[in-house]
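Chemist: One structure, pasted below without further comment.
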Amino acid sequence: MAPQHLLLMLVVNLVWGFTFVAGKWGVTELPPILFTGLRFLLIAAVLSPFLKIHRGQMKALVIIAMFSGALHFSAFYGGMSLAEDASTIAIAIQLGVPFSTIMSVLFLGERIGWRRASGIGLAFGGIMVMSFDPRVFDYIEGMALAVLAALMAAIATIFMKRLYDVRVFELQAWVALFSFPVLFIFSALTESGQLAAVQNAGWMGWTGVIYTAIGASLVGHAGMYYLIQKYDVSLTAPLTLLAPIFGVIFGVTIQGDVITARMALGGALTLLGCFIIAMRKRELVDTGP
């Protein structure tokens, strides 16, 4: 990889890594489903010029929007709101990598060898090790929601692999447009105090909304899409695992996250498993938040 592209990869991972902290800020001041809806409303507004009808594929786009947008991110930020540490959520969400491999085997007939199978085992084993740490077990519901979010994203990849001639900003525009009304309705039915939260939200809440929308969804994914056009995914995908590592670093240094020895061991096992899987894959493994 050329030095300038390696630098871009580093920037993308830094942007994605800080997203975990920004998201934690956001759900501290705003209800998580409302926060997710506001994020997608902003993305839809910014990317509206990219909306393009894709005949024969709109049903798939709606399904992708529900799984990778509304369901994935409401579970993700719901987990973030319950967790004491953004770092553990940054690790748990990486289960999208082994989940996507399992989905490919079940629904696309993909075959895997012992290396990827061992990677899947390591990834899930690492999450188990982390989850039974006494500190993490206190917010096990948050971890469960993060794992559910990873599963929702993996289901979406099955439908994404069937798309054709849909570019990254077009896809993001449709996901955002279809997602935010559903999220606002869901928020109205399941959350309370939304108006007061919006009125009282400070710089942390709105920084969370703006950064997760513009930084992660636009800058991060655009940079990664550019790199994928130039390099084989077997090279780029393993490097995206720097994002959760940066997420842990930012969580500890900025958020004051506590990392115990068991949490560190579990996180290392999960990332090692994801790395093994990513090294063996040839299709896109998108670990961006």
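Chemist: Looking at the range 136-153, can you tell me whether even one residue there is without any contact (Cβ under 8 Å) to a residue 40 or more places away in the chain, farther than 20 Å from Leu271 by Cα and aliphatic (A, V, I, L, M)?
Modeler: There is no residue in the range 136-153 that is without any contact (Cβ under 8 Å) to a residue 40 or more places away in the chain, farther than 20 Å from Leu271 by Cα and aliphatic (A, V, I, L, M).
Chemist: List the number of the failed condition for Ile259; all other conditions in (1) in a helix (DSSP H, G or I); (2) at pLDDT 90 or above hold.
Modeler: (1)
Chemist: Here's a follow-up. Identify, by number, the condition in (1) open to solvent by 40 Å² or more (accessible area, probe 1.4 Å); (2) closer than 21 Å to Gly256 by Cα; (3) not β-branched (Val, Ile, Thr) that Gly109 doesn't meet.
Modeler: (2)
Chemist: With respect to Ile210, is the statement that it is modelled with pLDDT of 95 or more and open to solvent by 50 Å² or more (accessible area, probe 1.4 Å) true?
Modeler: Spelling it out, Ile210 is indeed modelled with pLDDT of 95 or more and open to solvent by 50 Å² or more (accessible area, probe 1.4 Å).
Chemist: Could we say that Leu6 is touching a residue at least 24 places away in the same chain (Cβ under 8 Å), open to solvent by 50 Å² or more (accessible area, probe 1.4 Å) and part of a helix (DSSP H, G or I) here?
Modeler: Criteria not met by Leu6.
Chemist: Looking at (1) in contact with a Cys (Cβ under 7 Å, 6 or more places away or on another chain); (2) surrounded by fewer than 18 Cβ atoms within 10 Å (Cβ to Cβ), which one does Tyr225 not meet, given that it meets all the others?
Modeler: (1)
Chemist: If we only count helices (runs of 4 or more DSSP H) wholly inside the range 45-141, which ones have 2 or more residues that are polar (S, T, N, Q)?
Modeler: So the answer is 72-82, 86-92, 96-108, 114-131.
The values are calculated or read from the model by the stated rules, or taken from the named source; none is laboratory data. Bear in mind that the values here come from a model prediction, so they are computed numbers and not experimental data. Glycine also receives a Cβ, built like all others from the backbone with ideal geometry; neighbour counts cover every protein chain displayed. To get the accessible areas, we keep the full protein, side chains included, count just its heavy atoms, and leave off ligands, DNA and RNA. Shrake-Rupley method; radii C 1.70, N 1.55, O 1.52, S 1.80 Å.
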